[in-house]
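The values are calculated or read from the model by the stated rules, or taken from the named source; none is laboratory data. Every value quoted in this text rests on a predicted model; they were computed, and no experiment measured them. Cβ atoms come from the backbone with ideal geometry, glycine included; neighbour counts cover every protein chain shown. To get the accessible areas, we keep the full protein, side chains included, count just its heavy atoms, and leave off ligands, DNA and RNA. Shrake-Rupley method; radii C 1.70, N 1.55, O 1.52, S 1.80 Å.
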Amino acid sequence: MKHPLPRTPAAWLKEIRLAIADACEAKPVGRAIGEPIADSDLFHLAPLVCLKFRGRKLKGREAERVTKVALANYVVNSDPEGIDHGLEQRPMMAFTLCYVAAHLALDLVDEQQAEAILTYCEEHLGEEPC
């Protein structure tokens, strides 16, 4: 299901909440197959939810590239020796970072837009679990 691209940080926050809810739907499946999915694991699903919401293929070269970029952003922003934004303790912000980075990898937002979205979400998202 293709969603229109949000135009404001507030609209992005609304979509990110929908994206988190979509990712949370995987939790019962994880339990059913003996691989529980915690809130702290949801950031792994952010690139796939991005692709889904943008109507893109979930497999293939583009999906692999987008996933690598998004997860690399998580690693770079979680380095205790460098930049550490406490993402391990803030799983919804970790998801948000990867979700926005996936859009950056698809050239759907630029770095300035991504920064504005992340700043807005950091101020308004909260950390309510699924």
Pair list, Cβ < 6 Å and 6+ apart or interchain, from the range 23-38 residues that are closer than 18 Å to LEU58 by Cα to residues that are open to solvent by less than 100 Å² (accessible area, probe 1.4 Å) and not in a loop (DSSP other than H, G, I, E, B): ALA23/LEU42; ALA23/LEU45; ALA23/VAL49
Scan the range 1-10 and give yes if some residue there is under 18 Å from MET92 (Cα atoms), in a helix (DSSP H, G or I) and either touching a helix residue (DSSP H, G or I) at 6+ places or on another chain (Cβ under 8 Å) or at pLDDT below 95 (or both), otherwise no. yes
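For every residue, the table says whether it meets (1) closer than 21 Å to ILE37 by Cβ; (2) modelled with pLDDT of 95 or more; (3) of a type outside the set (A, V, I, L, M, F, W, C).
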{"position": "PRO91", "(1), (2), (3)": "yes, no, yes"}
{"position": "LEU97", "(1), (2), (3)": "yes, yes, no"}
{"position": "VAL109", "(1), (2), (3)": "no, yes, no"}
{"position": "ALA114", "(1), (2), (3)": "no, yes, no"}
With the checklist (1) hydroxyl-bearing (Ser, Thr, Tyr); (2) surrounded by fewer than 16 Cβ atoms within 10 Å (Cβ to Cβ); (3) more than 19 Å from LEU125 (Cα to Cα) in hand, flag the one item THR8 doesn't pass. (3)
